[in-house]
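Rule-based calculations on the coordinates, nothing more; no lab input. Everything quoted here is computed from the prediction, not taken from an experiment. Glycine also receives a Cβ, built like all others from the backbone with ideal geometry; neighbour counts cover every protein chain displayed.
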């Protein structure tokens, strides 16, 4: 049996609070359901409001009086590099836990573990490089701009790429000297709890990182805390309204929450565009903001592109995520599958035509799991609810545009945009018309991009306040009062 499978079945998974692995204060437990089978996968401590209170107290004490924020940048960098090494050594186990817990293909979760290692290393390097950069500020002074940590930062991580969501916040926040609380989604807490054990084994100072596993009650309790300096809702396509309400005007930031649009003009190769569209639609079962949901095809290329999309959808292998042949795994939960099916039904009721997929897997290998075939719909219109909103699953809505101007007009006001078949001037036009949006040109290669730690939502600067420190020039030249 794999090490990951042994760990999953080896007793209750505990919370990390103040450097100790603890059960829930009220003794609560919760079974985690495996998406591929619909059966219990593991048992975790069910964090409640009292556990959230213990976590905030430990983090607050560590932020105010503990060693982590007071370490030199070099010391924190050394600790983070050690943590990165330990995560790398546990990569196979961590990736398999993430695959079985979230339903994502093992090839994808391995990428996420590599990303976690690379991001920890990158943030450690940035922390070390930022220390001691003094610049001449006058005849007798030098100045250095440094970052002071905010204090206590919490992240509510989404269900669909839980390790990536958690590490994307905790790596830069820890590097900046903050103490962090991670609250993974109740459906997929296992990779975060495994990471908690790795952190504890690495000897991180107590209170520097807390990891909980609770539901909405714990999240609301944590969000309502005045002693929390910042809450990051890295929930992907999940609803964050309840967290915003609980914060009541206190600092909260949300990660990107919109899926992308692919524009395919007449000059594009339909086969290449279809490859990238299907990759973007099915990566992480189509449930992360970086994915593709809408395709706008110019008239001459539309029919050929639709045939290519159907061909690729029919060739995809739906399987258990730990199967080496798996290309698309199950959705994370039955609730997510029902939400996608409801969105498909609504789009069809508004006039879209389903040309492939959108049905539950009937193969014996899929029975009991939350499988759903990738769906391709044509005759989609910008007025449809599914066009302006986001469907948390592998869905492509195809809209036919008469010309390039009509294609630009159909692009929704949110989410990244990809452009196939455009010359330089056309790409420049779309870039000017869509300031602040991520743009892709003749590609949507999530597999490579999501492994690159430079493509991140959060940076150390998001978790620190800038201040300037002055000191006398080392060689000294006495007092200088300026001209009189």
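If one takes the longest principal axis of the Cα atoms in the chain, at what angle in degrees, from 0 to 90 and to the nearest 10, does the Cα axis of helix 49-65 lie? Approximately 40 degrees, to the nearest ten.
Counting Cα-Cα pairs of region 260-449 in 5 Å increments starting at 0 gives whole-percent bin shares of 1, 8, 18, 22, 21, 15, 8, 4, 2, 0, 0. If one takes the longest principal axis of the Cα atoms in the chain, at what angle in degrees, from 0 to 90 and to the nearest 10, does the Cα axis of helix 424-433 lie? For helix 424-433, the angle is close to 70 degrees. Building the convex hull from the alpha-carbon atoms of region 331-380 and averaging its projection over directions returns 3.4 nm². Taking a quarter of the surface of the Cα convex hull of region 1-130 gives a mean projected area of 9.3 nm².
If the segment from residue 26 to residue 314 were pulled out straight at 0.36 nm per residue, it would be longer than the present Cα-Cα gap by 98.8 nm.
For region 112-258, compute Rg over Rh where Rg is the Cα radius of gyration and Rh is the Kirkwood radius from the inverse mean 1/r over Cα pairs. Using only Cα positions, Rg/Rh for region 112-258 is 1.03.
Quick one: grab the alpha carbon gyration tensor of region 67-143, order the square roots of its eigenvalues as a ≥ b ≥ c, and give me rounded if a/c is under 1.5, else prolate or oblate depending on whether a/b is larger than b/c. Because a/c hits 1.5 or more and a/b exceeds b/c, region 67-143 counts as prolate.
Expressed to the nearest 5 percent, the antiparallel share of DSSP beta bridges inside the chain is 40 percent.
Here the convex hull built on the C-alpha positions of the chain has a volume of 171 cubic angstrom per residue.
Once C-alpha pairs closer than 8 Å and six or more residues apart are averaged by separation and normalised to the residue number of region 3-255, the relative contact order reads 26 percent.
Quick one: if the Förster radius is 41 Å, what FRET efficiency do residue 307 and residue 432 give, using the C-beta to C-beta distance and rounding to 0.05? Efficiency at R0 = 41 Å is approximately 0.80. Quick one: helix 73-89 against the long Cα principal axis of the chain, what's the angle to the nearest 10°, folded into 0 to 90? Taking Cα atoms only, the helix is inclined about 40 degrees.
For region 306-366, the alpha carbon positions stretch 38, 30, 16 Å along the principal axes, listed from largest to smallest.
Ordered by the count of other Cβ atoms within 10 Å of each Cβ, fewest first, 7, 68 give 7, 68. For region 324-411, the Stokes-Einstein estimate of translational diffusion at 4 °C and a viscosity of 1.567 mPa s comes to 92 µm²/s, using the Kirkwood hydrodynamic radius over alpha-carbon pairs.
Extension gain for residue 64 to residue 145 (0.36 nm times residue separation, less C-alpha to C-alpha distance): 27.0 nm. Diffusion coefficient of region 3-255 by Stokes-Einstein, Kirkwood radius over Cα pairs, 10 °C, 1.306 mPa s: 87 µm²/s.
Size descriptor for region 44-107, Kirkwood hydrodynamic radius: 14.9 Å (Cα pairs only, one decimal). Volume of the convex hull of region 218-340 (Cα atoms only), normalised per residue: 150 Å³.
Each of 72, 221 has some number of other Cβ atoms within 10 Å of its Cβ, and from fewest to most they run 72, 221. If you stretched the chain out fully between residue 53 and residue 360, how much longer would it get, using 0.36 nm times the residue separation minus the C-alpha to C-alpha distance? Using 0.36 nm per residue and subtracting the Cα-Cα distance, I get 106.4 nm.
Rounded to the nearest 500, the helix-only mean residue ellipticity at 222 nm of the chain stands at -12000 deg cm²/dmol, with each DSSP H run of n ≥ 4 adding -39,500 (n - 2.57).
For region 104-221, the share of DSSP beta bridges that are antiparallel, to the nearest 5, is 20%. Distance from the C-alpha centroid of region 165-180 to that of region 278-313: 34 Å, rounded to the whole angstrom. Each label was represented as a point 7 Å from its Cα along the Cα-to-Cβ direction; for residue 227 and residue 75 these points are 2.3 nm apart.
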